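The structure under discussion appears below in the form of structure tokens.
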Amino acid sequence: MSSEAMADWHGALERAEAHSPFLKRALERQPGLRDLLAAGDGEAALQWSRKQGECEDVMVALRRERQALAAAVAIGDLAGAFPLSRVVQELSNFADRALDRAIRAAIEERTGKDDPTGFIALALGKQGAHELNYSSDIDPILLFDPETLSRRETDDPGDAAQRYARRVVKLLGENTADGYVLRVDLRLRPASEISPLAVPYGSALKHYQGEALAWERAAYVRARAAAGDIGRGREFLEAIRPFIWRRDLDFGAIEEIRELTRRIRESYKGPPHPGPGFDLKRGRGGIREIEFYAQTHQLIHGGRDQSLRVRGTREALDALAAAGRIEPEHAAILGEGYDRLRQVEHRLQMVHDRQTHTLPEPNALDNVAQLDGLADSAALVDELAELSERCGTIYEQLIGERDKSDVAISQPEKMADTLSEKGFAEPDRLAERIAGWRDGRFQSLRSAQAIEAFDRLLPALIDAIAASDDPDRAVVRWEAILERAPSAITLFRLLDARPALLDRLVATLTLTPRLSDELARRPELLDTLLDREALELPGSVEEIIARIEAAAERPDYEATLDAIRVVTGEIRFALGVQLIEGLSDPLDIAAALSRTAEAGLQVAVRETEKEFATAHGRIEGSELLVLGLGRLGGGALTHASDLDIVYLFTGDFSAQSDGRRPLGGTHYFNRLASRVSAALSVPTAQGALYEVDTRLRPQGVQGPLAVSCEAFAKYQEEKAWTWEHMALARSRVLVGSQGARADLKAIVDSVVRKPRDEEKLRKAVTSMRAEMAEHKQPGGPLDVKLLRGGLVDFEFIIHFLQLRGGRELAASHVEAFDPDLGAAIPGLIAAGLLPAEIASAYDLMTRMLVAGRLLAPKVEQPPESAARALAKACGEKTFDDLLHRLTNARQSVMVLWSNILGERIEDEKPEGKQ
């Protein structure tokens, strides 16, 4: 049964007429409306209310509609027919209609045309969130576009816009015999103390893109285009979206917002607990604190998690809980508390149609309670006291006003005792070092609030560092974060509130030097540890490219190169965290690292080509191709991988470019290829990206950087060594048009699949491997790449089988030539060339290679925690189990080598390793 069918309409009317002078007068003046409400027809009553606005006189029409709507919604609210969400939606919709009609009327009075083009009203605050109360102000921001503003030809755009703005305020806010429509507050506009009532579009853009304050970000969380030129308003909000939703966590800005709410609480002079004089909006655990709680978390996480970009407070709390950003229990408490506070706020305002949030004196408070349906004020106060206590306690966890008894003892002598108990070496020295963190030399620890938050975190931080494999490294890297982070109060509080994040941070600082060094250099990567979405595998190459494009601060070459580095760095770091925590299979991480590199490569080539063409033009009918080899070609990079690539070009090598500084074809593409390599490898303000290795090109380092596809085909057919053909078996065309890619792939296929003398091939393969074994010894017992029976031996076997099988094998099992060797192996198994059980050996060693590049970079047995993480990443319970499986896998590969290549290899220990 619907809430309207179960509603108590008669009881609502009785309470309204007995306890609300405003509603009593409104019902007396509108007997037709009262009859509809007495009949329990709330929808008809709302329709009746809207018809009151059909009068041609805008001043009269809007006031009559507002009075009718206020009465209809209030009675439906009191009757239980309209839930809070419906009440605030109806009130907000009316505000939108009224604002839009006032704008149109103001323009039509001046121009004779109902045309709001170029005049924009953005709704902020409760109107923007569709959460208006009965007596809310509205806080629009009025903008105008001087180029398109509807106006008289003789009117200056700025003068016309100010005239419209003043008229809108008067149409809505002036009190007449019919009352008022809406009080309009324009003080939220940019630089309100000096700016006009309606702000030029371009000036507003400039303000929000470079001059706005932190509180303005919070205000725009709930902004929407509400009236006037709505399409243009939406364009404006899209243009400033990066200002509102920042991809990096701006801890300084977040702290400004938190400090604002703290000042609001400190400036509140009313009673601390519900009772006469208590402010439902500004008091402890009140409406504003719940709204700021939601908005602060949205600003922290919404730049990365689009599911949090919602306007309503209750909607935001639910979204934050669903995304794992706040506790579901907290979301429920705050959400239910918010709804009830808003209901009581409405009861206060219904009495006299006044914008009040303060509980009145006892007799008047009894009246409010009885309007609400309660027996007396005591029942209402008891309910509000319990509610505000629950909500206030949760809010205080955010702003840091908790019991200080858990703050760490910061005196060096007492700290030394604690450190000694935890097992730290040289506890006295470390205690002095920790005390030094608080002496003001780090910007992130200069404010009293920062020190307080840090002291509260410190005991848990010490425990986590003490339990790590490398406490000394953790301390050094933590210091680097403190040194480079301009503000870290929010970080301290988040780590304190969420111990799992602290464990993740310490693991990142200690388990792998590569990640800890990167985090120390770029503290903004801390965002990744806090972002649930960042700890998921990235999408397709196209999706990563879109992310890079979105991250570019400006549409220019340098900004795009920085964006490649920022996004690639974030993804690589996030994948590293996933790996050390065992959140994703190393095989999937290897593929994701390859997609990320491919995306960065494609963007770098595209942007470098455009930049290069500004001076040298282009060569019609020619294009640059990039062939990926090795682990890049196979789609299985590690965190330590270089990019093995070969540059090629199509078309006539003697052709000339059409730019103002023309170049011949060969010179053009060699210069362009050099620029691409630099775009990928030269450090910018955002750091380095990849090492680019082009030594696999024809004639190696002595040959040109880029060669024509025709010359490449000729070289491979006539001069290339067997090892070069083996390299081609693991190649992919990564950059180029569809047709050019197909042509180059055909060249590669013809080389790899051509007929060969089996004995000559076998001799070439075994000789190559012997020479490699002589000159490149394994670095340690975990060097799964170079150990005999390891990945190099396995890859040589695969390439031997591919080159030997040639066209005949391709005709029956083309998948055996997949550049991803993990995919090629099943094809070779299906062809009867490999035993079925060998696939697991390749997967194991690949997992160990990918995970080991982070957890055991020296290919020696890592410390205990890193060893556990390595075993977990590879699907084993213990490190000993992992070593046992590795031994078996290598033995199976050595047997395979003997069976296929006719040569016995011994399991030798790495030189110098016992």
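The values are calculated or read from the model by the stated rules, or taken from the named source; none is laboratory data. Computed from a predicted structure; not experimentally measured. No Cβ is skipped: glycine too gets one built from the backbone with ideal geometry, and neighbour counts run over all protein chains shown. Note: accessible area is taken over every heavy atom of the protein model, side chains too, but ligands, DNA and RNA are not part of it. Shrake-Rupley method; radii C 1.70, N 1.55, O 1.52, S 1.80 Å.
Here are the criteria: (1) open to solvent by 10 Å² or more (accessible area, probe 1.4 Å); (2) free of Cβ contacts under 8 Å to residues at least 60 places away in the same chain; (3) out of contact with any Gly (no Cβ under 6 Å at 6 or more places or on another chain). Tell me which single one residue 673 does not satisfy.
Result: residue 673 fails condition (1) only.
Taking the stretch 582-594 on its own, how many of its residues are touching a Lys or Arg at 6+ places or on another chain (Cβ under 7 Å) and not hydrophobic (A, V, I, L, M, F, W, C)?
At the first step, the residues of the stretch 582-594 found to be touching a Lys or Arg at 6+ places or on another chain (Cβ under 7 Å) are 582, 586-587, 593.
Narrowing further to those that are not hydrophobic (A, V, I, L, M, F, W, C): 582, 586.
Counting residues in the stretch 582-594 that are touching a Lys or Arg at 6+ places or on another chain (Cβ under 7 Å) and not hydrophobic (A, V, I, L, M, F, W, C) gives 2.
Of the residues 806, 827, only one is open to solvent by less than 10 Å² (accessible area, probe 1.4 Å) and touching a His at 6+ places or on another chain (Cβ under 7 Å); which?
Result: 827 is the single residue among 806, 827 that is open to solvent by less than 10 Å² (accessible area, probe 1.4 Å) and touching a His at 6+ places or on another chain (Cβ under 7 Å).
Given the conditions (1) crowded, with 17+ Cβ neighbours inside 10 Å; (2) free of Cβ contacts under 8 Å to residues at least 24 places away in the same chain, and given that residue 296 satisfies all but one, which numbered condition is not satisfied?
Condition (2) is where residue 296 drops out.
Please report, ordered by residue number, the helices (runs of 4 or more DSSP H) entirely within the stretch 500-551 with at least 2 residues that are under 13 Å from the mean Cα position of the chain (by Cα) and either among the charged types (D, E, K, R) or at pLDDT 80 or above (or both).
541-551
Return yes when residue 18 is touching a residue at least 24 places away in the same chain (Cβ under 8 Å) and in contact with a helix residue (DSSP H, G or I) (Cβ under 7 Å, 6 or more places away or on another chain) and no when it is not.
Considered against the rule, which asks whether it is touching a residue at least 24 places away in the same chain (Cβ under 8 Å) and in contact with a helix residue (DSSP H, G or I) (Cβ under 7 Å, 6 or more places away or on another chain), residue 18 comes out as no.
Spot the failing condition for residue 60; the list is (1) under 22 Å from residue 139 (Cα atoms); (2) in contact with a strand residue (DSSP E or B) (Cβ under 9 Å, 6 or more places away or on another chain); (3) surrounded by fewer than 20 Cβ atoms within 10 Å (Cβ to Cβ), and only one is missed.
Of (1) under 22 Å from residue 139 (Cα atoms); (2) in contact with a strand residue (DSSP E or B) (Cβ under 9 Å, 6 or more places away or on another chain); (3) surrounded by fewer than 20 Cβ atoms within 10 Å (Cβ to Cβ), only one is false for residue 60: (1).
Is one or more of the residues making up the stretch 608-615 within 24 Å of residue 853 (Cβ to Cβ) and either crowded, with 22+ Cβ neighbours inside 10 Å or touching a helix residue (DSSP H, G or I) at 6+ places or on another chain (Cβ under 8 Å) (or both)?
Within the stretch 608-615, not a single residue is within 24 Å of residue 853 (Cβ to Cβ) and either crowded, with 22+ Cβ neighbours inside 10 Å or touching a helix residue (DSSP H, G or I) at 6+ places or on another chain (Cβ under 8 Å) (or both).
Can you tell me which residues in the stretch 700-734 are in contact (Cβ under 8 Å) with a residue 24 or more places away in the chain, within 29 Å of residue 797 (Cβ to Cβ) and among the hydroxyl-bearing types (Ser, Thr, Tyr)?
Across the stretch 700-734, the qualifying residues are 722, 731.
Within the stretch 96-137, work out how many residues are in a strand (DSSP E or B) and modelled with pLDDT under 95.
Count: 1.
At least 3 residues that are aliphatic (A, V, I, L, M), modelled with pLDDT of 90 or more and crowded, with 20+ Cβ neighbours inside 10 Å in each: list the helices (runs of 4 or more DSSP H) lying fully within the stretch 322-426 that qualify.
Working: elements: 328-352, 362-372, 377-399, 412-421.
Result: 328-352, 362-372, 377-399.
From 903, 876, 837, grab the single residue that is under 19 Å from residue 788 (Cβ atoms) and out of contact with any Asp or Glu (no Cβ under 7 Å at 6 or more places or on another chain).
Testing whether each residue is under 19 Å from residue 788 (Cβ atoms) and out of contact with any Asp or Glu (no Cβ under 7 Å at 6 or more places or on another chain) leaves just 903.
Report the residue count in the stretch 188-201 for those that are touching a residue at least 24 places away in the same chain (Cβ under 8 Å) and either farther than 22 Å from residue 239 by Cα or not in a loop (DSSP other than H, G, I, E, B) (or both).
The qualifying residues number 4.
Residue 39 passes all but one of (1) within 17 Å of residue 20 (Cα to Cα); (2) open to solvent by 10 Å² or more (accessible area, probe 1.4 Å); (3) not hydroxyl-bearing (Ser, Thr, Tyr); which number fails?
(1)
Which pairs have Cβ atoms under 6 Å, sit 6 or more apart or on different chains, and link a residue in the stretch 42-57 that is in contact (Cβ under 8 Å) with a residue 40 or more places away in the chain and within 14 Å of residue 181 (Cβ to Cβ) to one that is assigned to a helix (DSSP H, G or I) and open to solvent by less than 50 Å² (accessible area, probe 1.4 Å)?
53/61; 53/65
Is there any pair linking a residue in the stretch 432-443 that is surrounded by 16 or more Cβ atoms within 10 Å (Cβ to Cβ) to one that is part of a helix (DSSP H, G or I), with Cβ under 7 Å and at least six apart or on different chains, and which?
434/415; 437/445; 437/482; 438/445; 438/451; 442/482; 442/483
Return the residues of the stretch 646-661 that are open to solvent by less than 60 Å² (accessible area, probe 1.4 Å) and not in a strand (DSSP E or B); say none if nothing qualifies. Working first, answer last.
Going residue by residue through the stretch 646-661, those that are open to solvent by less than 60 Å² (accessible area, probe 1.4 Å) are 646-651, 655, 657, 659.
650, 651, 655, 657, 659 - these are the residues of the stretch 646-661 that are open to solvent by less than 60 Å² (accessible area, probe 1.4 Å) and not in a strand (DSSP E or B).
What's the total number of residues in the stretch 536-570 that are buried (at least 24 other Cβ atoms within 10 Å of the Cβ) and more than 30 Å from residue 614 (Cα to Cα)?
Qualifying residue count, the stretch 536-570: 1.
Look through the stretch 676-692, keep the residues that are in contact (Cβ under 8 Å) with a residue 60 or more places away in the chain and touching a Leu at 6+ places or on another chain (Cβ under 7 Å), and return whichever of them is nearest to residue 614 (Cα to Cα). Walk me through it before giving the result.
Just the residues of the stretch 676-692 that are in contact (Cβ under 8 Å) with a residue 60 or more places away in the chain, to begin with: 676, 679-680, 684-690.
Imposing the further condition that a residue be touching a Leu at 6+ places or on another chain (Cβ under 7 Å) reduces the set to 679-680, 684, 689-690.
Working: 679: 16, 680: 20, 684: 21, 689: 25, 690: 26 Å.
Of everything passing the filter in the stretch 676-692, 679 is nearest to residue 614 (Cα to Cα).
Looking only at residues that are basic (Lys, Arg) and in a helix (DSSP H, G or I) in the stretch 138-166, which one is nearest to residue 71 (Cα to Cα)?
Within the stretch 138-166, the match that is nearest to residue 71 (Cα to Cα) is 166.
Which one is most open to solvent (accessible area, probe 1.4 Å), of the residues in the stretch 684-722 that are among the small types (Gly, Ala, Ser) and not in a loop (DSSP other than H, G, I, E, B)?
Result: 711.
Taking the residues in the stretch 581-590 that are under 22 Å from residue 632 (Cα atoms) and assigned to a helix (DSSP H, G or I) as candidates, determine which candidate is most open to solvent (accessible area, probe 1.4 Å). Talk me through it step by step, then tell me what you get.
Step one: filter the stretch 581-590 for residues under 22 Å from residue 632 (Cα atoms), giving 584-590.
Now restrict to residues that are assigned to a helix (DSSP H, G or I): 586-590.
Working: 586: 0, 587: 50, 588: 75, 589: 0, 590: 1 Å².
Looking at residues that are under 22 Å from residue 632 (Cα atoms) and assigned to a helix (DSSP H, G or I), I get 588.
Among the residues of the stretch 274-291, what is the count of those that are within 15 Å of residue 395 (Cα to Cα) and either at pLDDT below 90 or surrounded by fewer than 21 Cβ atoms within 10 Å (Cβ to Cβ) (or both)?
3
Test residue 747 against the stated conditions and say whether it is assigned to a helix (DSSP H, G or I), among the β-branched types (Val, Ile, Thr) and either open to solvent by 30 Å² or more (accessible area, probe 1.4 Å) or at positive phi (or both). Full working, then the answer.
Values: assigned to a helix (DSSP H, G or I): yes; among the β-branched types (Val, Ile, Thr): yes; either open to solvent by 30 Å² or more (accessible area, probe 1.4 Å) or at positive phi (or both): yes.
Yes, satisfied.
Looking at residue 53 and the list (1) over 15 Å from residue 172 (Cα atoms); (2) in a helix (DSSP H, G or I); (3) of a type in the set (Gly, Ala, Ser), which single condition is not satisfied?
(1) is the only condition that residue 53 fails.
For the stretch 810-821, which residues satisfy the criterion of being in contact (Cβ under 8 Å) with a residue 40 or more places away in the chain and open to solvent by less than 30 Å² (accessible area, probe 1.4 Å)?
Scanning the stretch 810-821 gives 810, 817, 819, 821.
Among the residues of the stretch 229-244, is there at least one that is outside any helix (DSSP H, G or I), surrounded by fewer than 22 Cβ atoms within 10 Å (Cβ to Cβ), in contact with a strand residue (DSSP E or B) (Cβ under 9 Å, 6 or more places away or on another chain) and modelled with pLDDT of 90 or more?
No - not one qualifying residue is present in the stretch 229-244.
Mind listing just one residue for me: the one in the stretch 789-809 that is over 45 Å from the mean Cα position of the chain (by Cα) and without any contact (Cβ under 8 Å) to a residue 60 or more places away in the chain and, of those, nearest to residue 770 (Cα to Cα)?
Step one: list which residues in the stretch 789-809 are over 45 Å from the mean Cα position of the chain (by Cα), which gives 800-801, 803-809.
When the remaining residues are screened for being without any contact (Cβ under 8 Å) to a residue 60 or more places away in the chain, the result is 804-809.
Details: 804: 20, 805: 23, 806: 24, 807: 28, 808: 29, 809: 27 Å.
Of everything passing the filter in the stretch 789-809, 804 is nearest to residue 770 (Cα to Cα).
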